[in-house]
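The values are calculated or read from the model by the stated rules, or taken from the named source; none is laboratory data. Being a predicted model, the structure only gives us computed values, none of them experimental. Positions of Cβ are generated from backbone atoms using ideal geometry, with glycine treated the same way; all protein chains shown enter the neighbour counts. In case anyone asks, the SASA skips ligands and DNA or RNA and just uses the protein heavy atoms, side chains included. Shrake-Rupley method; radii C 1.70, N 1.55, O 1.52, S 1.80 Å.
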Amino acid sequence: MTSDPKSPTPAASGIWGGRFDAGPSAVMQAINASVDVDRRLFEQDIAGSLAHCAMLTACGVISRADGEAIERGLTEIRQDIRAGRFEWKAALEDVHMNIEAVLRERIGAPAGRLHTARSRNDQVATDFRLWLREALDSAAEALRAYQRVLVARAEAHADWVMPGFTHLQTAQPVSLGHHLLCWVEAAERDRGRLMDARARLNESPLGAAALAGTAFPIDREMTARALGFDRPMANSLDAVSSRDFALEALSAAAITAVNLSRFAEEIVLWTSRRFGFASLSDAYSTGSSIMPQKRNPDAAELVRAKPGRIAGALQGLIIVMKGLPLAYSKDMQEDKALVFTAFDDLILAITAMTGMAGDLTFHREALEAAAGEAYSDATDLADWLVRELGLPFRDAHHIAGAAVKAAEAEGRALKDLALSRYQEIEPRIDARVFEVLSARASMESRISFGGTAPVRVREQAGAWKQRLAQ
């Protein structure tokens, strides 16, 4: 009996050719199949296959006719997948074998030539790097949008005074714009880490084959260029076995998520009745199933939770990779679900924070009133003593502390403490001291580079607008 060249080999699974007499058990199929996860790589898989086919044709490894048939078949399959007309089969294990099987059904024997000089090991490593490169680009661009919103809000609120905090205790007055620009700076570092990870992963594993390279006369530089990689990876073992590029990307994602969650926590606090600094609209709030008065900042709370999932993905992949010998092991199949979920969560979190940053309505009177509470101008009193009386700062700090103690005893703010009371503590203090004893005066006095004075905030906002426009 002759075999149909369009049919898979007669092993039970249709994948493994002549090595196996019987197919896998149902349990083996269930644990081995990854197509429900990795079919997300179909665009990258077909792009890699098209580049590989073009290279094989150019190098004379396969005929031009076979190359054209493969290219035509892959293009049609890509269109069908995009249109939702493609049937994914768990029995074929993964995205690669599903596409190859349908390609064989459509074009026959030439489909079997596509896998010349490559393995699923270098194939999936290539697909994964291509997907992660795009995910990193998307996250970086989302951060840019987030920064633009923050810069616009910061510029508009450069002269709004609010309390700064340390230990969540009122510390010194700051500009609201200055506070918002802090998160712009953090997002820039986050973006830099994502782009650093992208730069290091942008090498092509394709052509490393299973682990040792290939005896065929291929051109790995050609496929690397076609796929937008900087170069082919220099060691075939490293090409198929490394996943540190995914770990680095997850690490950058986890740090980004932590920074987002810190601002999200501030939104939760600011929009509470206890703070009353800001409000979110209905677009980013929810109600309670039992308490009709409630307005919950659920979007911010969910962003606050994302680092748990993303850092969990990082830790999960670290543990998967720990102790694996070279080269490829099937443990590494677990990498994609972790990375896919983490970057889905990250981009959603960035998008949500961008929306909330633009949606917040700030309450100026509440911010300014809070900025003047808890003797937040005590440092300004100490600084005045240094500037005007020439005292060492440690002596000035002691005098300012004594003034705070006296004001507390009388239930007054520092600006309301009598001059005579100040002069009991330090006789040389005069009426000029009252010029610095307000939250606004404190904020406006911080004119050092990177300080909170509105003039500096506007300078920084302007610089960021130019930078983000490029």
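Of all residues in the stretch 411-435, how many are assigned to a helix (DSSP H, G or I) and either crowded, with 20+ Cβ neighbours inside 10 Å or among the aromatic types (Phe, Trp, Tyr) (or both)?
Count: 4.
One line per residue, one yes/no per condition, for (1) closer than 18 Å to ALA135 by Cβ; (2) polar (S, T, N, Q):
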residue	(1), (2)
ALA313	yes, no
GLY316	yes, no
ALA342	yes, no
ASP345	yes, no
THR354	yes, yes
ALA378	no, no
ASP383	no, no
VAL386	no, no
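If I go through the stretch 28-81 residue by residue, how many of them are touching a residue at least 12 places away in the same chain (Cβ under 8 Å), open to solvent by 40 Å² or more (accessible area, probe 1.4 Å) and not in a helix (DSSP H, G or I)?
Final tally of qualifying residues: 2.
Which pairs turn up if I take residues in the stretch 324-344 that are free of Cβ contacts under 8 Å to residues at least 12 places away in the same chain and look for partners that are open to solvent by less than 70 Å² (accessible area, probe 1.4 Å) with beta carbon separation below 7 Å, at least 6 apart in sequence or on another chain?
Hits for this filter: ASP331/VAL320; ASP331/LEU324.
Does any residue of the stretch 372-394 turn out to be open to solvent by 60 Å² or more (accessible area, probe 1.4 Å), of a type outside the set (D, E, K, R) and in contact with a helix residue (DSSP H, G or I) (Cβ under 7 Å, 6 or more places away or on another chain)?
yes
Out of ALA264, ALA283, which single residue is part of a helix (DSSP H, G or I), farther than 24 Å from HIS96 by Cβ, in the same structural domain as ALA305 (by the TED database) and modelled with pLDDT under 95?
ALA283
Taking the stretch 359-410 only, how many residues are more than 23 Å from ASP159 (Cβ to Cβ) and not in a helix (DSSP H, G or I)?
Total meeting the criteria: 3.
Can you work out which of the residues in the stretch 311-331 that are among the aliphatic types (A, V, I, L, M) and outside any loop (DSSP other than H, G, I, E, B) is most open to solvent (accessible area, probe 1.4 Å)? It would help to see each step written out before you state the result.
Initially, the stretch 311-331 is screened for residues among the aliphatic types (A, V, I, L, M), giving 311, 313-314, 317-321, 324, 326-327.
From what is left, the residues that are outside any loop (DSSP other than H, G, I, E, B) are 311, 313-314, 317-321.
Details: ALA311: 45, ALA313: 7, LEU314: 33, LEU317: 0, ILE318: 71, ILE319: 103, VAL320: 33, MET321: 36 Å².
Residue satisfying both the conditions and the ranking: ILE319.
How many of the residues in the stretch 436-468 are over 16 Å from ALA154 (Cα atoms) and either among the aromatic types (Phe, Trp, Tyr) or open to solvent by 50 Å² or more (accessible area, probe 1.4 Å) (or both)? So that I can check it myself, show each step before the final result.
Taking the stretch 436-468 and keeping what is over 16 Å from ALA154 (Cα atoms), we get 436-442, 445-449.
Among the residues that remain, those that are also either among the aromatic types (Phe, Trp, Tyr) or open to solvent by 50 Å² or more (accessible area, probe 1.4 Å) (or both) are: 440, 445-449.
Summing the residues that are over 16 Å from ALA154 (Cα atoms) and either among the aromatic types (Phe, Trp, Tyr) or open to solvent by 50 Å² or more (accessible area, probe 1.4 Å) (or both) in the stretch 436-468 gives 6.
Does ASP430 satisfy the condition of being within 45 Å of the chain's Cα centre (by Cα) and of a type in the set (D, E, K, R)?
Spelling it out, it is not the case that ASP430 is within 45 Å of the chain's Cα centre (by Cα) and of a type in the set (D, E, K, R).
Looking only at the stretch 100-142, count how many residues are small (Gly, Ala, Ser), touching a Lys or Arg at 6+ places or on another chain (Cβ under 9 Å) and more than 15 Å from PHE245 (Cα to Cα).
Our first condition is that a residue be small (Gly, Ala, Ser); within the stretch 100-142, this holds for 101, 108-109, 111-112, 117, 119, 125, 135, 138-140, 142.
Then drop every residue that is not touching a Lys or Arg at 6+ places or on another chain (Cβ under 9 Å), which leaves 101, 108-109, 111-112, 125, 139-140.
Adding the requirement that they be more than 15 Å from PHE245 (Cα to Cα) leaves 101, 108-109, 111-112, 139-140.
Qualifying residue count for the region: 7.
Here's the yes/no breakdown for (1) open to solvent by 50 Å² or more (accessible area, probe 1.4 Å); (2) out of contact with any strand residue (DSSP E or B) (no Cβ under 7 Å at 6 or more places or on another chain):
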{"position": "ALA158", "(1), (2)": "no, no"}
{"position": "ALA186", "(1), (2)": "no, yes"}
{"position": "PRO205", "(1), (2)": "no, yes"}
{"position": "ALA209", "(1), (2)": "no, yes"}
{"position": "ALA224", "(1), (2)": "no, no"}
{"position": "ALA234", "(1), (2)": "yes, yes"}
{"position": "LEU237", "(1), (2)": "yes, yes"}
{"position": "VAL240", "(1), (2)": "no, yes"}
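Is it the case that some residue within the stretch 147-163 is touching a residue at least 40 places away in the same chain (Cβ under 8 Å), in the same structural domain as VAL124 (by the TED database), of a type in the set (S, T, N, Q) and more than 30 Å from VAL61 (Cα to Cα)?
Checked the stretch 147-163: at least one residue is touching a residue at least 40 places away in the same chain (Cβ under 8 Å), in the same structural domain as VAL124 (by the TED database), of a type in the set (S, T, N, Q) and more than 30 Å from VAL61 (Cα to Cα).
Taking the stretch 186-241 as the search range and keeping residues that are assigned to a loop (DSSP other than H, G, I, E, B) and β-branched (Val, Ile, Thr), which one is farthest from HIS52 (Cα to Cα)?
Once the filter is applied, the top-ranked residue is THR214.
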